Amino acid sequence: MNADFFTRQARARRRTTLLLVYLAAAVLGTVAVLEVIVYIAFDLGQAAMEGQRLEAWLDHPASAGVALITLAVVACGSLWRWYQLRDGGAAVAEMVGARLVDLATADTGERRLINVVEEMSIASGTPVPVLYVLDHESGINAFVAGYRPSEAVLVVTRGALDALDRDELQGVVGHEFSHVLNGDMRINVRLIAVLAGLLALGKLGWYLLRSTARGRGRDKDGIAGMALLGVGLLIAGYVGMFFGRLIQAAVSRQREFLADASAVQFTRNPSGIAGALWRIQHHAEGSLLDARDAEDARHMCFAEGVRVRLRSLLATHPPIDTRIAAIDPHFAVKRAARARARPTPAPTPGVPGAAAGLAAGGAAVVGSVGTVQPAHMDYAHTLHASLPEALRDAVHTPEGARAVVLALLLTELAPERMVVARALLAREQGEVAARLADDLRGQVAALGAAVRLPVVDLATPVLRQLDDSARDALLASADRVARLDRSISQFEFVLLTLLRRRLRPGHGRADRRPLTSFEPVIADVRALLTLVARAGARDEASFERAFARAAAGFGAARLVPVHEAWCRSERLPEVLERLDRLSPLLKRPLLEACADCVLDDGRIEPAEAELLRAVSESLDCPMPPLVPESGWQASRRA
């Protein structure tokens, strides 16, 4: 818990490298086992080897063939599963048979889940994940999946919705959000593909055995050989499965303690997550899943999803008693005594709330990235409850979510452009959508600037569920509305940037080698700092002072601003996409420099907070709201 977000992200990337090392070791072990099995079963090359030992078989051409075939089967199994999971979290949810939650549902348990998740998203500064329910699972469990926070999905069992109260459900959701913020999701999805490759040999063995059992040919020796090969592949498959389960356990187990501790920090309520774990212990089905492919996804779950033999080696989660004791050593006594008081722990030291840290500079603001403090949760709960009910209902429907986004853009237009904008929307989105956006314009304008992005967060999961053509049409309409006055305002740039990132699956996701130096993207750094410095500058002198303050952190680079004519908002998405290639430990000083820019006048206006949010999300660094503990400003210390 002492490591900051950027250090945890760097560790997550190293875990990906470690996963590849584990995979290589598992594949080599499986190849070795299959070589021995083939040698014993077929005794190939005995005459050529003239009774020599096993080492002679390894020099035989057939041995190389066995190794190549094994590697090909493992690679094909992994690549096929990887292709199946190309859509990230949604593909994983469908893999286990989960049902998409209708955000306009009247189901009591699902409504409670939606409220808890929306509050946690506002508090953490992440888009609301798309929600799924495993309807036929009575065990208590949940998991998140996806390649990046803006594409996450949260899957919850029906047992969790029925058995947990709100505090316990909030503890589970906080645990899963920790996996989002700690960078665990990407490696979890990749691990499913790795396991599929290791299990492919066993599946091929079963196929050969079934084929030989149905064989009616005259070649009895051929059938026997195929059967023996099938048995050998099946044995090798079980060896691969054993190694795969070891990898699951090695990658998953320690992260669960961190996620539990994060959930306590997020909610200020150790009894919530401890109570959820206690209920699993005393629930008839525990946390077990019957879903198809549950075995492959068990490392992602809140608690162990399948029964495990050799638990000390293969369990992906620590024992529940151990997890409860780590959260609250006295929980069992409190539960037995039916203690109702829930003490509020002191905030974690060393991670100040964002607003409280404004005076300390950009480092304190960026220190809040990837964390959720009690003030953030209180702010999120209050904000969520204060939203007009009609607006909350609107963002839970496809028509309403689109209208809310368009209404936000309409608030930026001059009155004389309104007629043209409404006609454009009627033509491209339909008369009903245009009228609804116009009707909602007054409501979203009355919310105030600080609430605009949280409303967009609430609309995001519904917008993500639109088909490709509808998403593209919405993005095109939003872009045209923003350009009606022949300029892009700062809020329009922020909104369009977030919409593009969230509504284009895989946008900028391609795996690229992370940059370990600013040198290849130093021009992009200059462009970004120029934009951010100008955003809050009152005049040229304040711009130059803000840029110099931010550029000072880059030392020998001696940055100078780019020309204002070049630094146009339409170029910034490409700039941010290239900067997203920076390693996590380089993203931290870049975000600190951006925060220093807007802090030059000792305050952060809502529009500047929105810009910081857009930049941080574009770099996959979720920034929680800058909680207005003393308004949207703070005196800067000398």
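The values are calculated or read from the model by the stated rules, or taken from the named source; none is laboratory data. Model, not experiment: these values are computed from the prediction. Here the Cβ is made from the backbone with ideal geometry for all residues, glycine too, and neighbour counts use every protein chain on show.
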Inset, instruction - Write out, first by first residue and then by second, each pair whose Cβ atoms fall under 9 Å of each other, whose residues are 6+ apart or on separate chains, and whose first residue, in segment 135-153, is assigned by TED's automatic domain parsing to the domain that holds T316 while the second is aromatic (F, W, Y) and part of a loop (DSSP other than H, G, I, E, B). - result: I140/F302; N141/F302; A142/F302; F143/F302
Inset, instruction - Output the number of the condition that S287 fails; it satisfies all remaining conditions of (1) under 23 Å from the mean Cα position of the chain (by Cα); (2) among the hydroxyl-bearing types (S, T, Y); (3) in a helix (DSSP H, G or I). - result: (3)
Legend entry - Among (1) at pLDDT 80 or above; (2) exposed (fewer than 13 other Cβ atoms within 10 Å of the Cβ), the one test that G555 misses: (1)
Inset, instruction - Sort out which residues of segment 105-144 are in contact with a strand residue (DSSP E or B) (Cβ under 6 Å, 6 or more places away or on another chain) and under 16 Å from Q465 (Cβ atoms), and write them in order of number. - result: P129, V130, L131, Y132, V133
Legend entry - Matching residues in segment 459-506 - criterion: being assigned to a loop (DSSP other than H, G, I, E, B) and in contact (Cβ under 8 Å) with a residue 60 or more places away in the chain: Q465, L466, L484, D485, I488, S489, P505, G506
Legend entry - Test set (1) at pLDDT 65 or above; (2) more than 18 Å from L201 (Cα to Cα) - Q46 fails condition number: (1)
Legend entry - Flag if L413 is surrounded by 18 or more Cβ atoms within 10 Å (Cβ to Cβ), assigned to a helix (DSSP H, G or I) and either of a type in the set (A, V, I, L, M, F, W, C) or in the same structural domain as L100 (by TED's automatic domain parsing) (or both): no
Inset, instruction - Report yes if some residue within segment 228-249 is of a type in the set (G, A, S), within 25 Å of L181 (Cα to Cα) and touching a residue at least 24 places away in the same chain (Cβ under 8 Å); otherwise report no. - result: yes
Inset, instruction - Find the residue count for segment 153-163, including only residues that are touching a His at 6+ places or on another chain (Cβ under 9 Å) and either surrounded by fewer than 21 Cβ atoms within 10 Å (Cβ to Cβ) or hydrophobic (A, V, I, L, M, F, W, C) (or both). - result: 2
Inset, instruction - Would you check if there is a residue in segment 482-490 being buried (at least 21 other Cβ atoms within 10 Å of the Cβ), more than 30 Å from L154 (Cα to Cα) and not assigned by TED's automatic domain parsing to the domain that holds G125? - result: yes
Legend entry - Of all residues making up segment 270-317, the number that are small (G, A, S), in contact with a strand residue (DSSP E or B) (Cβ under 8 Å, 6 or more places away or on another chain) and at pLDDT 85 or above: 1
Legend entry - Of all residues in segment 318-345 being part of a helix (DSSP H, G or I) and of a type in the set (A, V, I, L, M), the one that is modelled with the lowest pLDDT: A336
Inset, instruction - Among the numbered conditions (1) within 26 Å of the chain's Cα centre (by Cα); (2) under 23 Å from R111 (Cα atoms), tell me where P388 comes up short. - result: (1)
Legend entry - Answer from L85, L68 - the residue that is at pLDDT 80 or above and either under 29 Å from N269 (Cβ atoms) or buried (at least 17 other Cβ atoms within 10 Å of the Cβ) (or both): L85
Inset, instruction - State yes or no: is A193 at pLDDT 80 or above, in contact with a Phe, Trp or Tyr (Cβ under 6 Å, 6 or more places away or on another chain) and assigned to a helix (DSSP H, G or I)? - result: yes
